[in-house]
Amino acid sequence: MFSLSSGVFSNRILWIAVIAWAIAQTLKTFTSIRSEGRIDWSKIMGPGGMPSSHSAFVTSLATAIGLTEGWNSGMFAVAFVFAAVVMYDAAGVRRAAGKQARVLNQLMTIMLKEGHVPATKLRELLGHTPFEVVVGALLGIAIARLMLR
């Protein structure tokens, strides 16, 4: 029989990660005040921005596993490697893709003015700066530690 008090709904580690992600995503709307001079509610579900919700998500997961299963457990090792790959991707590959999108959009603007192509813009804010990744990671660690007190 299916029960809300068992299974995925009672998985404390999963909820810690989801809450860390939600807090980071919500914070992005307010950190946009510094860069854009206003609260940007579109950031609540978008990629990129400060702090990295990807980093908060995976580091809270790894920290919660380390605190509950042990720092020398196989599960912590898997979560740690997973977190490292996600954060590398956020600050490296996805950031580079965002930079390429910015250049392509500039070229598209020039070509549009000359009447060569239709107006289509690529999403530029895909990744994170290393600082955004570190702040997201620290946020995730703090949330996991606070929730597992």
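Name the pairs whose Cβ atoms lie under 6 Å apart, with the first residue in the range 63-78 and touching a residue at least 24 places away in the same chain (Cβ under 8 Å) and closer than 21 Å to G136 by Cβ, the second among the β-branched types (V, I, T) and part of a helix (DSSP H, G or I), and 6 or more positions between them or separate chains? Correct list of pairs: T63/I141; A64/I13; A64/I16.
When you look at T26, is it among the β-branched types (V, I, T), at pLDDT 75 or above, in a helix (DSSP H, G or I) and surrounded by 15 or more Cβ atoms within 10 Å (Cβ to Cβ), yes or no? Answer is no for this residue.
Against the numbered list (1) assigned to a helix (DSSP H, G or I); (2) touching a helix residue (DSSP H, G or I) at 6+ places or on another chain (Cβ under 7 Å); (3) at pLDDT 90 or above, P51 comes up short only at (1). The single residue among G98, G127, G74, G66 that is surrounded by 14 or more Cβ atoms within 10 Å (Cβ to Cβ) and at pLDDT 90 or above turns out to be G66.
The values are calculated or read from the model by the stated rules, or taken from the named source; none is laboratory data. None of these values were measured; they are calculated from a predicted model. Neighbour counts are summed over all protein chains in view; Cβ atoms, including those assigned to glycine, are modelled from backbone coordinates with ideal geometry.
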